[in-house]
Number of protein chains: 2
Amino acid sequence: MHPVLLRMSTLFLRTLRDDPADAEVPSHRLLVRAGYIRRAAPGGFTWLPLGYRVFRNVERVVREEMDAMGAQEVHFPALLPREPYEATGRWTEYGDNLFRLQDRRGVDHLLGPTHEEMFTLLVKDMYSSYKDLPVSLYQIQTKFRDEARPRAGLLRGREFTMKDSYSFDVDDAGLDKSYAAHRDAYIRIFDRLGLEYAIVSAMSGAMGGSKSEEFLHPTAIGEDTFVRSPGGYAANVEAVTTVVPDEIPLEGQPEAHVEDTPDTPTIETLVGVAQQLFPDAGYTAADTLKNVVVQLVHPDGTREPLVIGLPGDREADLKRLEAQLAPAEVEPFTGFDQHPALVKGYIGPQVLGADSPSGIRYLVDPRVVRGTRWITGANEPGRHVFDLVAGRDFTWDGVVEAAEVRPGDPAPDGSGPLELARGVEIGHIFQLGRKYAEALDLKVLDENGKLVTVTMGSYGIGVSRAVAAIAESTHDELGLRWPREVAPADVHVVATGKDAAVFETAEALSRELVDAGLTVLYDDRPKVSPGVKFKDAELLGMPTIVTVGRGLADGVIELRDRATGEREDVPVADATARVRAVVGK
Amino acid sequence: MHPVLLRMSTLFLRTLRDDPADAEVPSHRLLVRAGYIRRAAPGGFTWLPLGYRVFRNVERVVREEMDAMGAQEVHFPALLPREPYEATGRWTEYGDNLFRLQDRRGVDHLLGPTHEEMFTLLVKDMYSSYKDLPVSLYQIQTKFRDEARPRAGLLRGREFTMKDSYSFDVDDAGLDKSYAAHRDAYIRIFDRLGLEYAIVSAMSGAMGGSKSEEFLHPTAIGEDTFVRSPGGYAANVEAVTTVVPDEIPLEGQPEAHVEDTPDTPTIETLVGVAQQLFPDAGYTAADTLKNVVVQLVHPDGTREPLVIGLPGDREADLKRLEAQLAPAEVEPFTGFDQHPALVKGYIGPQVLGADSPSGIRYLVDPRVVRGTRWITGANEPGRHVFDLVAGRDFTWDGVVEAAEVRPGDPAPDGSGPLELARGVEIGHIFQLGRKYAEALDLKVLDENGKLVTVTMGSYGIGVSRAVAAIAESTHDELGLRWPREVAPADVHVVATGKDAAVFETAEALSRELVDAGLTVLYDDRPKVSPGVKFKDAELLGMPTIVTVGRGLADGVIELRDRATGEREDVPVADATARVRAVVGK
């Protein structure tokens, strides 16, 4: 950006002493208090002058690194026709999250939540041969999603800016390369932005496709939970896979037997009764098989009951379950009346399965392997069955990751026990494969003149969200502390006191610095006390604060590093050179 | 922008030999053919890599000049709540042009067509004293309007980028200064963009306010008609005012008399009969008073008939009429059955007027002044009245500019006869006054501690439209010819032939130029003929074309100026220096 002199006396800025009532997280609170953003609508924020400068700095870093990796910038409309999204099913799958509207002729449109369809059609429109590929295209563009609960300021809004890119390759090896190139570019981007991240395996969810990873910025206020192991495994909690135990031979196992277990609708009560009945068995909750009923809602609106079997010492994690079943959604089940096979509190797998008389599908946790023995419901009130052996006494329609992940669980790659952490998703990279190309018929001629379907990747960075994440990770109790790469100004010059010489020196220094290519925020307000000016400087968070004040009598000004708090006195004559050296410009 | 090397071999680009079927104007045709833009939706275009570079260059020029004049950049959401637009009446007034939608809770929203309301509320939220003013704020942002007929590519789309700014002042003198500062900045912007313009007086229309001027780029394909005089008067045709003739004494004028004028439903037939009846009077169409009925549609949907009286030698100009009556709209009138006072083809003013029994409002052309004498309808089929004197025999409810403006009409400021021209609106500046501040209660304390309503200006530049206007005004029959300030690359290096030395030299030169800070489009395609490469270079329109080809045997390369066609041979050793000198970097 071209260097400018921002004068506090005329800057469109009001710092607030009090936190805004609706701000839940520090970044939201501080960005509003420091006059960087202002709420304009539910989930919609206005960037004020200082905030927009940070935004544009982040945008610049993203753009430079995308250009450097050879991606090419384009720009699509936000208002899009329905048809392409109908062709891929996302018009429906997005559900309430999609903003839909009609134009004056009653034609359906949507506000783009992400642009896979449009990029696919563009490449189809322009390219026809393997020689044209690979190509990676990106845009930095406004996205719209009708979030159920917009929250945390810029972290989850209904309108936000995203860098979305898309790669197009003729084969899987090409996709691997494009994916790796994006992954490397993302690493460089977040490194430059000073944003810590964990790269975690993730589920593809409604996007479809095979492989995906998230860049999560670790923070206690994050919405996403992820795991990591000492040996370097990391995954979104939805994507963690369970270590599968070995199968056990069926031969020689005891017969199943039903027991009266009155008043045992919970695992806790059941374990108590089991221990009374068989004091020597040492039963714990891990020996019970809990069967949880959920309502599955398919994208077309149809509903079906689904039962999940998992060890009784684990809670079901519905977010994990839903991630496996996407694009279907999971709701609480309330239809016991319509399904007499399901005896609430005493459900057992013997009556379940797509092929059973009930027709109710039954999925089990990966720990339920052939030969494992369980205490579970007998499908009668007050009765449970013991020694029910998987693969001998009951079967299942499939395996699903639906149990909670716990600290200390083993990493699936053997790299040690998992710890759980929270994070904010700042980037997401997907190997989409051929889902969109197939739906929209994007084919090219290969070397042998044969039509082949193109394989795609999709890659996103939340640009506005990154601003909040940086604020979140760098602030202290006094205010914001911007890294140099994104700070709205390189230096904050504060003139204190009433001495005309102070203001003359500060003004001259500010102009010199701007001439040298720095952007300067200059607190030239004549009637504001030094205390207020210092408080504002700390709140606003420029990386270097230069105070021109009492020291001027001794021929010095003070430089302060906002991040470390370090101070140094510098002779006035050396001020410009010293500030330039500190700033690195 | 950071300098880059754009290789034609990998650039996301396909030039087309044929014009797109739906392109009506040269800029649209060429921007699509040259691979700068591509249609994505009705009235919605995707910027492709070269096009987006031009767009960003225009945006940069606009931003630099807005910053230089002291305006401060902010950025609002596009998805806005209904309430503020309800408060100013524009939720309704915008009619079908506004995209409206509901969120998942059924709450009304709109896609911002322009942001007066939001800026007013922002300033109200932040500022409270005259000391805070003046302030000018701007944004460069995506706007949405549901145009009835999107056309001409980027010139009239449903989604487009606008620089909109707003000034806030405590009094009228301040507004005048802010308005003048914007006007000057616009002059600098369009001068830098190389865009010819006429600054014309305009109507404020639905925006409200007192004074406004348009920056019109003169072009035959323009949608707007404007007038200019030899003495420097210029106005949008809607804003032209008629020179009002002097009043004539009523005394001594002949009495009105009704005559049979069978079969004279048109002015032409009426004049013929009048000349037969009174051969000595020398009657022409200018002596007749034509009464045109229109249907007025108010913003709240109510309709009323309205009659306009104007000299019979002039056609009614419904766009001019509508501009005066905004925000009401004008439709053809079809309700003769419900209004027996209106005798089709024979309407006279004697039965008209808000206070007359018919209650139908009657507005007249400014030429209908007191004492003028007219032939007009007698409100009976086949009869007209002669010598009907304005102010004696009929009255009117108001005066309105509704007659066509003709070449040769006198300029209202006495600066000579008007000529008519067509243009595209590239900028519009408004003195809004206090309309929005009053509706949204934006007041500040003045020097005396008294609350005063703030006065506002609103100023717009169509950024995406400017790209099209530049293409429109600079192209030739071979293709685009970008001015240096906005060209997607500074220079186009074309390597021709099959000689490896040619490609090595071209590659080395391209890299040197990029290192020197130039952006280079390099045609490195190995198997494309020189003829195709030259055609592409002319179509794509970089200002300087460097050919490395046959001349290399003699140690020279060729520089060509795309705009003038001038060529010069330059020794290879001097190439970088010479190109830098020509480009000015």
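The values are calculated or read from the model by the stated rules, or taken from the named source; none is laboratory data. Treat the numbers as computed from the prediction; the structure is a model and nothing was measured. So basically every Cβ, Gly included, is an ideal-geometry build from the backbone, and we count neighbours across all protein chains shown. Remember, those area values only see protein heavy atoms, side chains included, never the ligands or the DNA or RNA. Shrake-Rupley method; radii C 1.70, N 1.55, O 1.52, S 1.80 Å.
Yes or no: region A:87-96 includes at least one residue that is within 11 Å of chain B (Cβ to nearest Cβ) and surrounded by fewer than 18 Cβ atoms within 10 Å (Cβ to Cβ). Yes, that holds for at least one residue.
Scanning region B:2-18 for residues that are more than 10 Å from chain A (Cβ to nearest Cβ) and of a type in the set (Lys, Arg) turns up just one, B:ARG17.
Every listed requirement among (1) under 22 Å from the mean Cα position of the chain (by Cα); (2) within 11 Å of chain A (Cβ to nearest Cβ) is met by B:ALA71 save one, (1). Looking across region B:13-70, the residues that are within 18 Å of B:ILE426 (Cα to Cα) and of a type in the set (Asp, Glu) come down to B:GLU59, B:GLU64, B:GLU65. Here region B:98-141 is the region considered, the condition is being part of a helix (DSSP H, G or I) and without any contact (Cβ under 8 Å) to a residue 40 or more places away in the chain, and the residue that is nearest to the other protein chains (Cβ to nearest Cβ) is B:MET126. Restricting A:THR576, A:THR547 to those that are in a strand (DSSP E or B), among the polar types (S, T, N, Q) and more than 37 Å from the chain's Cα centre (by Cα) reduces the list to A:THR547. Among the residues of region B:556-567, those identified as open to solvent by 30 Å² or more (accessible area, probe 1.4 Å) and in contact with a strand residue (DSSP E or B) (Cβ under 6 Å, 6 or more places away or on another chain) are B:VAL556, B:GLU558, B:ARG567. A:VAL400 fails exactly one of the following numbered conditions: (1) within 29 Å of the chain's Cα centre (by Cα); (2) more than 30 Å from A:ARG188 (Cβ to Cβ); (3) without any contact (Cβ under 8 Å) to a residue 40 or more places away in the chain. What is the number of that condition? The one condition A:VAL400 does not meet is (3). The residue that is farthest from B:ALA468 (Cα to Cα), counting only those in region B:142-166 that are within 12 Å of another protein chain (Cβ to nearest Cβ), open to solvent by 30 Å² or more (accessible area, probe 1.4 Å) and part of a strand (DSSP E or B), is B:THR142. For region B:26-42, check the following and say yes or no: at least one residue is within 12 Å of chain A (Cβ to nearest Cβ), of a type in the set (Ser, Thr, Tyr), touching a strand residue (DSSP E or B) at 6+ places or on another chain (Cβ under 7 Å) and surrounded by 18 or more Cβ atoms within 10 Å (Cβ to Cβ). Scanning region B:26-42 turns up no residue that is within 12 Å of chain A (Cβ to nearest Cβ), of a type in the set (Ser, Thr, Tyr), touching a strand residue (DSSP E or B) at 6+ places or on another chain (Cβ under 7 Å) and surrounded by 18 or more Cβ atoms within 10 Å (Cβ to Cβ).
Looking at region B:353-379 only, could you name the residues that are more than 24 Å from B:THR284 (Cβ to Cβ) and either among the aliphatic types (A, V, I, L, M) or in a strand (DSSP E or B) (or both)?
B:ALA354, B:ILE360, B:ARG361
Which of the residues that make up region A:222-241 are touching a Pro at 6+ places or on another chain (Cβ under 9 Å) and surrounded by fewer than 17 Cβ atoms within 10 Å (Cβ to Cβ)? Residues satisfying the conditions are A:PRO230, A:THR241. Against the conditions (1) out of contact with any Pro (no Cβ under 8 Å at 6 or more places or on another chain); (2) open to solvent by less than 50 Å² (accessible area, probe 1.4 Å); (3) within 14 Å of A:ALA402 (Cβ to Cβ), A:LYS319 satisfies every one except (2).
Restricting to region A:43-68, what's the tally of residues that are more than 9 Å from chain B (Cβ to nearest Cβ) and among the polar types (S, T, N, Q)? Adding up the residues that qualify gives 1. Among the residues of region B:199-213, not a single one is within 12 Å of chain A (Cβ to nearest Cβ), of a type in the set (A, V, I, L, M) and in contact with a His (Cβ under 8 Å, 6 or more places away or on another chain). Every condition in (1) open to solvent by 50 Å² or more (accessible area, probe 1.4 Å); (2) at pLDDT below 95 is met by A:PHE430 except one, and the failing one is (1). Apart from one condition, B:ASP387 fits all of (1) closer than 16 Å to B:LEU306 by Cα; (2) modelled with pLDDT of 95 or more; (3) surrounded by fewer than 22 Cβ atoms within 10 Å (Cβ to Cβ); the exception is (1). Scanning region A:420-441 for residues that are in a helix (DSSP H, G or I) and either closer than 30 Å to A:PHE55 by Cβ or under 15 Å from the mean Cα position of the chain (by Cα) (or both) turns up just one, A:TYR436.
There is no residue in region A:252-272 that is under 30 Å from A:MET203 (Cα atoms), open to solvent by 20 Å² or more (accessible area, probe 1.4 Å), not in a helix (DSSP H, G or I) and not hydroxyl-bearing (Ser, Thr, Tyr).
In a loop (DSSP other than H, G, I, E, B) and either modelled with pLDDT of 95 or more or open to solvent by less than 10 Å² (accessible area, probe 1.4 Å) (or both), is that true of B:ASP176? Judged against the criteria, B:ASP176 is not a match. I'd like to know if region A:283-294 contains one or more residues that are surrounded by fewer than 17 Cβ atoms within 10 Å (Cβ to Cβ), more than 35 Å from the chain's Cα centre (by Cα) and either outside any helix (DSSP H, G or I) or of a type in the set (Ser, Thr, Tyr) (or both). The answer is yes, given that some residue of region A:283-294 is surrounded by fewer than 17 Cβ atoms within 10 Å (Cβ to Cβ), more than 35 Å from the chain's Cα centre (by Cα) and either outside any helix (DSSP H, G or I) or of a type in the set (Ser, Thr, Tyr) (or both). Just one of the listed residues (A:LEU122, A:LEU79, A:LEU111, A:LEU101) is open to solvent by less than 20 Å² (accessible area, probe 1.4 Å) and under 23 Å from the mean Cα position of the chain (by Cα), namely A:LEU111.
Being within 17 Å of the chain's Cα centre (by Cα), farther than 30 Å from A:ARG38 by Cα and at pLDDT 95 or above holds for only one residue in A:ARG183, A:ARG228, and it is A:ARG183.
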